[in-house]
Amino acid sequence: MEFEFSPKVVELRERLLKFMDDHVYPNEQRREEELAANAKAGRPYAELPMMAGLKAKAREQGLWNLFLPPHPGDTHAPTGLTNVEYAPLCEIMGRRYWCAEIFNCSAPDTGNMEVLARYGTPAQQARWLTPLLAGEIRSSFAMTEPEVASSDATNIQCSIRREGDEYVINGRKWYITGAMNERCEIFVLMGKTDPDHADRHKQQSMILVPKDTPGITIVRDMALLGVYDPPFGHPEIVFENVRVPVSNILLGEGRGFEIAQGRLGPGRIHHCMRAIGMAEAALEMMCRRLASRTAFRKLLADQGVWRERIAESRMLIDQSRWMVLNAAHRMDTVGNKVAAKEIAMIKVLTPNNCVKVIDWAMQAFGAMGLSQDTLLTSFYAYERHLRVADGPDEVHRNAIAKQELAAYL
């Protein structure tokens, strides 16, 4: 099977690569300075001043909302891209953890926009999807809970109880990506509307909860491997008697799992391709380092152990990329449900492969590889968290095995 880029993707890819060279890499130091300035001013989760200008440039160049076909009212997206077409663009953006926001292509906004585009009512789309597509606001996806094993989403305990024309929400969530950001205005929240339903997969619903609704308390930001992540943040949040209109329910009561499956399939492709982009960047950094350092009177690049690791890294990255492209192709041709096994396989394979490459790159840099002077520690944290996010390895391995065994049991 060949994954040859279409002329449209070739052209978008060239423009995106140039944008990264012209505007992203040269602004890395400025980003660090603005993060420090925001922290000093007591607003670590405020948008960085440089981002507005970069976003404007991206929109002007048609590098906006690349993940999603155009929506009515949004004139800045290119023609709709398939999963296979978007994947190589997502990989390029993944070379820097923070830059997908410039193109309005960062999680969890991408998944939330897909949910609203696919399942939202016209009123919900007008209120929330339109400003999200325009990059005017940001959003979060509130699912994971600290008090239950959220790898089994049927365990979720957050209550969504109807009272007249309102739903009343009570529960505790954590690691809610992006919720600390000052521009985050809406949560897509998953909870239980019918905890006694005989079908455990119809107990849950998804509902839109504005961040400024009374009863919402951000308890604390959560660190990832001991490191906080401004200006995004991944906080613990308490929802106490939070009231929203009945019209905020998505698709209807008991449809939460249905929505989640539609949301998570493309999201896993995006996560994996961003991970591959980081691994490619780490391999490039490792090669440059090894070609410039001497130990024991010998260039590191000439030492057998490092040549073996470079070769292994190239194979791990390419293996991951072809597996992800195959999963994307299956999603495009037979649908997410039929492609569930391929999606599960890349969700396990990619983070495990890429974290190994990044670990070797850290080793090549020695003490510097563990410091704030390279991007490798942030790459490592992102890759390692993917072994848990959107379902841990164990859940996906079990799903793969069940499909393999189905013909024999």
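The values are calculated or read from the model by the stated rules, or taken from the named source; none is laboratory data. Computed from a prediction, not measured in an experiment: that's the story for all the values here. Cβ: placed from backbone, ideal geometry, glycine included. Neighbour counts: every protein chain shown.
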(request) Restricting attention to region 27-55, report how many residues are of a type in the set (K, R) and loosely packed, with under 12 Cβ neighbours inside 10 Å. (result) 1
(request) Within region 328-350, track down each residue that is within 17 Å of the chain's Cα centre (by Cα) and of a type in the set (G, A, S). (result) A328, A344
(message) One residue is enough: does region 14-26 have a residue meeting the conditions at pLDDT 95 or above, surrounded by fewer than 17 Cβ atoms within 10 Å (Cβ to Cβ) and in contact with a Gly (Cβ under 8 Å, 6 or more places away or on another chain)?
(response) yes
(request) Please tell me if N104 is modelled with pLDDT of 95 or more, surrounded by 17 or more Cβ atoms within 10 Å (Cβ to Cβ) and under 24 Å from A179 (Cβ atoms). (result) yes
(message) I'd like the residue in region 116-143 that is part of a helix (DSSP H, G or I) and closer than 22 Å to P235 by Cα and, out of all such residues, is nearest to the chain's Cα centre (by Cα).
(response) L132
(request) Find the residue count for region 237-258, including only residues that are more than 24 Å from the chain's Cα centre (by Cα) and at pLDDT below 95. (result) 0
(message) Tell me yes or no: at least one residue of region 276-293 is touching an Asp or Glu at 6+ places or on another chain (Cβ under 6 Å), in contact (Cβ under 8 Å) with a residue 60 or more places away in the chain and crowded, with 16+ Cβ neighbours inside 10 Å.
(response) yes
(request) Could you tell me whether region 401-408 includes any residue that is surrounded by fewer than 18 Cβ atoms within 10 Å (Cβ to Cβ), of a type in the set (S, T, Y), free of Cβ contacts under 8 Å to residues at least 12 places away in the same chain and over 25 Å from C287 (Cα atoms)? (result) yes
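Each row is one residue, and each column tells you yes or no for (1) closer than 16 Å to S150 by Cβ; (2) touching a Gly at 6+ places or on another chain (Cβ under 6 Å); (3) crowded, with 21+ Cβ neighbours inside 10 Å.
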site	(1), (2), (3)
G164	no, no, no
R172	yes, no, no
R183	no, no, no
M190	yes, yes, yes
D199	no, no, no
M206	yes, yes, yes
K211	no, no, no
I218	no, no, no
M222	yes, no, no
(request) Within region 381-400, work out how many residues are of a type outside the set (F, W, Y), within 13 Å of N352 (Cα to Cα), part of a helix (DSSP H, G or I) and in contact (Cβ under 8 Å) with a residue 60 or more places away in the chain. (result) 5
(request) Tell me, yes or no, whether region 277-297 has at least one residue that is in contact with a Gly (Cβ under 6 Å, 6 or more places away or on another chain) and at pLDDT 95 or above. (result) yes
(request) Could you pull out the residue among A367, A295 that is farther than 30 Å from N27 by Cα, among the small types (G, A, S) and not assigned by TED's automatic domain parsing to the domain that holds G233? (result) A295
(request) Kindly indicate which of R31, R43 is assigned by TED's automatic domain parsing to the domain that holds Y97, part of a helix (DSSP H, G or I) and at pLDDT 95 or above. (result) R31
(message) So, restricting to strands (runs of 3 or more DSSP E) that lie completely within region 147-262, which ones have at least 2 residues that are outside the structural domain of D393 (by TED's automatic domain parsing), touching a residue at least 24 places away in the same chain (Cβ under 8 Å) and farther than 27 Å from A381 by Cβ?
(response) 159-163, 166-173, 184-192, 204-210, 236-245
